[in-house]
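Data first, discussion second: the structure below is written as structure tokens.
Here, each number is a calculation from the coordinates, and none is a lab measurement. This one's a predicted model, so the numbers in the text were calculated from it and none came from an experiment. Every residue, glycine as well, gets a Cβ built from its backbone with ideal geometry; the counts of neighbours run over all protein chains shown.
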């Protein structure tokens, strides 16, 4: 690789352009499949669904990436056995790759199945374990969120910036209910605690879009348990490049191996973490 070139380009091929093209093609396919999926299958739990649209979208993205970068590694949700142990093992096996594409073909499958219009395609590229490109595409609203490490985050070509709220009391927050029933009880306590401290709460069912909304300033904070790299990789870079902060729930810097995360505009982050500790 020519070291004089940006790390988001190999030869004349832009990683970001390929990711954007893949997301757009995937979005077209998803919209075509909306309302035609039939009964979904269960994976880890009855809240963890998969459809033929998920599988078809992932195949489409994998094939497009392989056309441009045949030697890159690929980690997609539908290519991994269900359950947190299998997800962690798949990531351990892949994370050492020089270039690793991390894909959630439909983040928010339950919403997709029910026709609730809050789901997205999430595509990220990590280099030696660090995310360098992140794309989240909402096909219903035709909103494309894009970030390159060190170059900012953008929506519809305009630079994004996190919100300016400085306290939980003035903040709109979001969370997500985990697929693991045991974690659901903890999350319910957290939701109860934060509902009394924040301006209001939303639980919309797509971690990737929630993170994109933090980056765009539509939400001031977000937290969730039991996530995987494909849920977080693209969205975490969007938040960071928009000026926000992403950590574990105990405050450690974000890592692709993280499963319990908090993201915010940075200004309310410590207060958010403290409230979550209080709920525990």
Tell me, what is the percent relative contact order of segment 110-198, built from C-alpha pairs under 8 Å that lie six or more residues apart? 14
Looks like segment 168-279, by Cα gyration tensor root eigenvalues a ≥ b ≥ c and the a/c under 1.5 rounded cutoff (else prolate when a/b is bigger than b/c, oblate otherwise), is rounded
Using a Förster radius of 41 Å, what is the FRET efficiency between residue 71 and residue 116 based on their Cβ-Cβ separation? Nearest 0.05, please. 0.60
In the chain, what % of DSSP beta bridges are antiparallel (nearest 5)? 80
If we sort 135-141, 58-64 on the protection proxy, mean other Cβ atoms within 10 Å, highest first, what's the order? 135-141, 58-64
Relative contact order of segment 168-279, pairs being alpha-carbon contacts under 8 Å that are 6 or more residues apart, as %: 29
Labelled set (i) 51, 47, 34; (ii) 60, 42, 31; (iii) 58, 47, 36; Cα extents along the principal axes in Å computed from this model equals the value at (i)
Inter-probe distance in nm under a simple model that places probes 7 Å from Cα toward Cβ, at residue 17 and residue 98: 2.1
Could you give the nm distance between label points at residue 52 and residue 167, where each point is 7 Å from its Cα heading toward the beta carbon? 5.5
Which FRET efficiency, nearest 0.05, do residue 274 and residue 159 yield, Cβ-Cβ r, R0 25 Å? 0.25
Order the peptides 241-251, 221-231 from the highest to the lowest mean number of other Cβ atoms within 10 Å of their residues. 221-231, 241-251
Segment residue 203-residue 59, extension gain: residue separation times 0.36 nm, minus the distance between their alpha carbons: 48.9 nm
Three-way shape label, segment 9-159, alpha-carbon gyration tensor, a/c 1.5: oblate
Order these peptides, 103-116, 157-170, 252-265, by their mean beta-carbon neighbour count within 10 angstrom, highest first. 103-116, 252-265, 157-170
Expected 222 nm ellipticity per residue - DSSP helices of 4 or more, -39500 (n - 2.57), all of the chain, to 500: -11500 deg cm²/dmol
In nm, spacing of pseudo-spin labels at residue 191 and residue 151 (7 Å Cα→C-beta vector): 3.9
Here the relative contact order (percent) of the chain, from C-alpha pairs under 8 Å and at least 6 apart, is 17
Rounded to the nearest 5, what % of the DSSP beta bridges within segment 9-159 are antiparallel ones? 90
Under the rule a/c < 1.5 gives rounded, and otherwise a/b versus b/c splits prolate from oblate, where does segment 170-216 land using the Cα gyration tensor? oblate
